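Notes follow once the structure below has been shown.
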Amino acid sequence: MAQRRRGAELEKALLNAAWDELTDNGYARFTMDGVVKRAGTSPPVLYRRWSDRDELVKATIVHVLKESRPAVPDTGSLREDLLTLMRQIATAHVQLITVMYAHLAGYYRETGRSPSSWFDPVATGRAAALDMLFERSIDRGEIKPELLTERIKTLPFVLLRHEILSTFAPVPDHVLEEIVDTIFLPLVR
């Protein structure tokens with residue numbers, strides 16, 4: 001007899017099943033019933049946590065982004081910290097990023113609403129991780145804090161995402177170096 005899952009273990013199993021359902025079927029064919037079957041549970045278990053498909057998809061995206069968030073490096077240099085982090089993302093997360101954006105295009109087509117709120121850096125923990133990286137570089141005197149706006153903080157990663165979605169392939173190191181050295185660092189020094 002299978003052991004009954006509860007609490008965080010059950011929620012993680014449900015969200016993992018939802019991610020599998022989303023990646024296999026896309027948003028257009030994503031169903032609560034499909035998640036229930038994959039998770040080996042009952043509809044009330046799922047509906048107690050998420051009242052509809054959109055709520056579940058949003059929770060799934062946040063869960064996957066939290067689970068896949070790479071560790072923030074501490075190399076002693078902002079340039080190397082950024083390059084190390086971007087290399088991790090540029091190689092290990094290509095499939096995650098392309099699958100996510102391809103399937104969420106269906107959400108936009110169906111609802112007319114942008115899924116951008118689903119990628120909230122605060123909810124996924126990315127904001128705190130990047131803040132830590134940038135605070136260390138300010139403490140080392142590598143950048144001027146008054147030049148470091150929220151948009152500039154995210155710029156290297158927006159450009160990285162653009163490269164991944166343009167090629168559906170790992171981003172070459174020379175492109176990462178160009179983003180950091182030619183575009184980002186001159187904006188904050």
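The values are calculated or read from the model by the stated rules, or taken from the named source; none is laboratory data. Quick caveat, the model's predicted, so the values are computed rather than measured. All Cβ positions, glycine included, derive from the backbone under ideal geometry; neighbour counts span all protein chains shown. Note: areas computed on protein heavy atoms with side chains; ligands, DNA, RNA excluded. Shrake-Rupley method; radii C 1.70, N 1.55, O 1.52, S 1.80 Å.
Points to keep in mind about this one:
- The residues listed here are G34, G106; of these, the one that is in contact (Cβ under 8 Å) with a residue 40 or more places away in the chain, farther than 26 Å from A129 by Cβ and of a type in the set (G, A, S) is G106.
- Of all residues in region 28-42, those satisfying the criterion of being among the small types (G, A, S) and within 23 Å of the chain's Cα centre (by Cα) are A28, A39.
- Test: residue in region 5-28 that is more than 26 Å from V158 (Cα to Cα), without any contact (Cβ under 8 Å) to a residue 60 or more places away in the chain and part of a loop (DSSP other than H, G, I, E, B): yes
- Subset tally (residues that are in a loop (DSSP other than H, G, I, E, B) and over 30 Å from H174 (Cα atoms)) for region 49-89: 4
- Test for H174: is it loosely packed, with under 12 Cβ neighbours inside 10 Å, in a helix (DSSP H, G or I) and at pLDDT 90 or above: yes
- When the residues of region 5-51 are filtered to those that are touching an Asp or Glu at 6+ places or on another chain (Cβ under 6 Å) and open to solvent by less than 60 Å² (accessible area, probe 1.4 Å), the one that is nearest to V94 (Cα to Cα) is F30.
- Exactly one residue out of I61, I89 is touching a Phe, Trp or Tyr at 6+ places or on another chain (Cβ under 6 Å), closer than 30 Å to R136 by Cα and among the β-branched types (V, I, T), and it is I61.
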